[in-house]
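Step one of this worksheet: look at the structure below.
None of the figures in this text is laboratory data; all of them are computed from the coordinates on show. Everything numeric in this text was worked out from a predicted model, so none of it was measured. Ideal geometry is used to build each Cβ from the backbone, glycine not excepted, and the neighbour counts take in all protein chains shown.
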Amino acid sequence: MSPNDKKRQADSQIIARWVHEGDRVLDLGCGRGILLEYLQQKKSIYGVGVDIDLGKILSCVKRGVPAYQGDIGAILATFPDDSFDHVILSRTVEQLEDADSILAEGLRVGRHVTVGFVNKGFWINRLNALFHGNRTVNEVYPKPWYESMPSNPFSVAEFEAFCDARKIVIENRAYLSGDWRNECRKLPNLLAGYAIYDLSSID
């Protein structure tokens, strides 16, 4: 199993805790459909993916995962309110041009929105910026900036401040340590390498 697959497995297991048997799940930025396939096997969900990459959509189809190819915002707009029990953005939010409106649309379309992201505030990232003036290159950030997708990384503290400002309810949260295998149980803004949140809107 590749390091990336191990990371995907860790967050899939946490997300599966918050998904109920038979739930309707929309995965935005679904990639090759690995998470939806996992949830189908573990929780018998009805899952649909969305990704801009046609090659990844074809991989979803091979896995038996229904998926749309196209822009996340445009496809979200086609769904009525409360179409899904869960809308998932796993390692997707930092790639969005307008994350604020996409999260608002996700909360309209789904009863819960699950967000997973790399924590920019992780201590190794801070030290590299402070002492070397550059970005960390490791299993989490495996490519230098010029080979990476456009991204707008943020920290655990910044995301929680956003939720507070937008009156978004944090139903559940989990943090993974720097190895993305073990859970981080203290000082998550400093010690967590990855964070996962289960969100809902105020009724």
So which residue, out of 162, 131, 117, gets the largest mean-square fluctuation from a GNM of the chain using Cα contacts under 10 Å as springs?
131
Grab the chain and count how many Lys pairs have their alpha-carbon atoms under 26 Å apart, sequence gap of 8 or more, or different chains.
23
Relative to the longest principal axis of the chain, what angle (0 to 90°, nearest 10) does the C-alpha long axis of helix 156-165 take?
50 degrees
Rounding to the nearest 10 and keeping the result within 0 to 90°, find how far the Cα-based axis of helix 34-43 lies from the longest principal axis of the chain.
60 degrees
Taking the Cα centre as origin and putting +1 on Lys and Arg beta-carbons and -1 on Asp and Glu beta-carbons, what dipole magnitude results for the stretch 3-201, to the nearest 20 debye?
680 debye
For labels at residue 44 and residue 186 in the simple 7 Å Cα→Cβ model, what's the distance in nm?
4.3 nm
Residues of the stretch 81-105 with amide N under 12 Å of a point placed 7 Å along Cα→Cβ from residue 151
91-96
Residue-span extension gain [residue 124 to residue 17] - 0.36 nm each, minus C-alpha spacing
35.7 nm
In bins 10 Å wide, starting from 0, what share of all Cα pairs of the chain does each bin hold, as a percent?
9, 35, 39, 15, 2
List, in order, the whole-Hz ³J(HN,Hα) value for each residue of the stretch 112-120 obtained from phi through the Karplus relation with A = 6.51, B = -1.76, C = 1.60 and θ = phi - 60°; use x for Gly and Pro.
9, 10, 9, 10, x, 8, 6, 7, 5
Under the Karplus relation 6.51 cos²θ - 1.76 cosθ + 1.60, θ = phi - 60°, what is the ordered set of whole-Hz ³J(HN,Hα) values for the stretch 45-52, x standing for Gly and Pro?
6, 9, x, 9, x, 9, 8, 7
Angle in degrees between helix 99-109 and the longest Cα principal axis of the chain, rounded to the nearest 10:
30 degrees
Choose one answer from 153, 66, 80: the residue with the largest mean-square fluctuation in a GNM of the chain with alpha-carbon springs under 10 Å.
80
Note to self: C-alpha centroids of the stretch 152-203 and the stretch 63-80 sit apart, in Å, by 25 Å
What are the ³J(HN,Hα) values, in whole Hz, obtained from phi via the Karplus relation 6.51 cos²θ - 1.76 cosθ + 1.60 with θ = phi - 60°, for each residue of the stretch 55-64 in sequence order, with x given for Gly and Pro?
x, 6, 4, 5, 5, 4, 4, 4, 7, x
For a quick check: with amide H placed at 1.01 Å from N, whose amide H comes under 5 Å from residue 67's, ignoring anything fewer than 5 positions away on the same chain?
49
